[in-house]
Amino acid sequence: MSLSRLLFLAIGGICAVLMSVALYMEHMMGLEPCPLCMLQRGAVTGTGVIALAAAAIGPRGWGIRLGGIGVALASVVGATLAGRQLWLQSLPEDAVPPCGPGYDYLRETFPLTEVIRMAFQGSGDCAEVQWTFLGLSIPGWTLVFFVAVGVTGLFLLYRGPGRADTGLLR
């Protein structure tokens, strides 16, 4: 198995684990995701789909670069969303925007572009820290993930054609 395929599989697997954790936190721990959380889930899912598609194709040459670009771009989107939520969480209480409607209501009522715009603006729900681990909230850990995956995508982009992508696990 080539290094690029292994990295794409690892990214896809980690995305699946992150989505499983998100669903566990929602359905078993009772943590209600805000609209920005739902957009971050979409970015995690998109990153995973791109990575698994690249692994399934078994990219060689320019395919490695295309997969790397796709993973890196999806990570930039996810990191931007996580950064926005971290910024909202850092606001003083009197500067937090008022709570808005939930994601399901937005999705059922407005067109997708409007849902994304309104969700990105954030609300008081998005500023609430519901859970932490080692001092980082959920969007903090999501940002760490997206930065790591983005760096991996750039690595794959850089090593694309002309670099040896020999089998590692033969």
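Of note:
- Qualifying residue in the stretch 93-114 (condition: modelled with pLDDT of 70 or more and under 30 Å from LEU156 (Cα atoms)): no
- Check on GLN89, under 28 Å from GLY30 (Cα atoms), modelled with pLDDT under 85 and buried (at least 16 other Cβ atoms within 10 Å of the Cβ): yes
- Candidate set from the stretch 115-160 (those that are of a type in the set (Val, Ile, Thr) and at pLDDT below 75); member that is nearest to LEU31 (Cα to Cα): VAL129
- THR80 vs. criteria under 19 Å from LEU136 (Cβ atoms) and either at pLDDT below 75 or of a type in the set (Val, Ile, Thr) (or both): yes
- Enumeration of residues in the stretch 36-61 that are of a type outside the set (A, V, I, L, M) and either at pLDDT 85 or above or within 14 Å of the chain's Cα centre (by Cα) (or both): CYS37, GLN40, ARG41, GLY42, THR45, GLY46, THR47, GLY48
- Selection within the stretch 34-50 - in contact with a helix residue (DSSP H, G or I) (Cβ under 6 Å, 6 or more places away or on another chain) and either surrounded by fewer than 20 Cβ atoms within 10 Å (Cβ to Cβ) or touching a residue at least 60 places away in the same chain (Cβ under 8 Å) (or both): CYS34, PRO35, LEU36, MET38, LEU39, GLN40, ALA43, VAL44, GLY46, THR47
The values are calculated or read from the model by the stated rules, or taken from the named source; none is laboratory data. Keep in mind that what you see is a predicted model, and the values were worked out from it rather than measured. For neighbour counting, all protein chains shown are included, and Cβ atoms are generated from backbone atoms with ideal geometry for every residue, glycine included.
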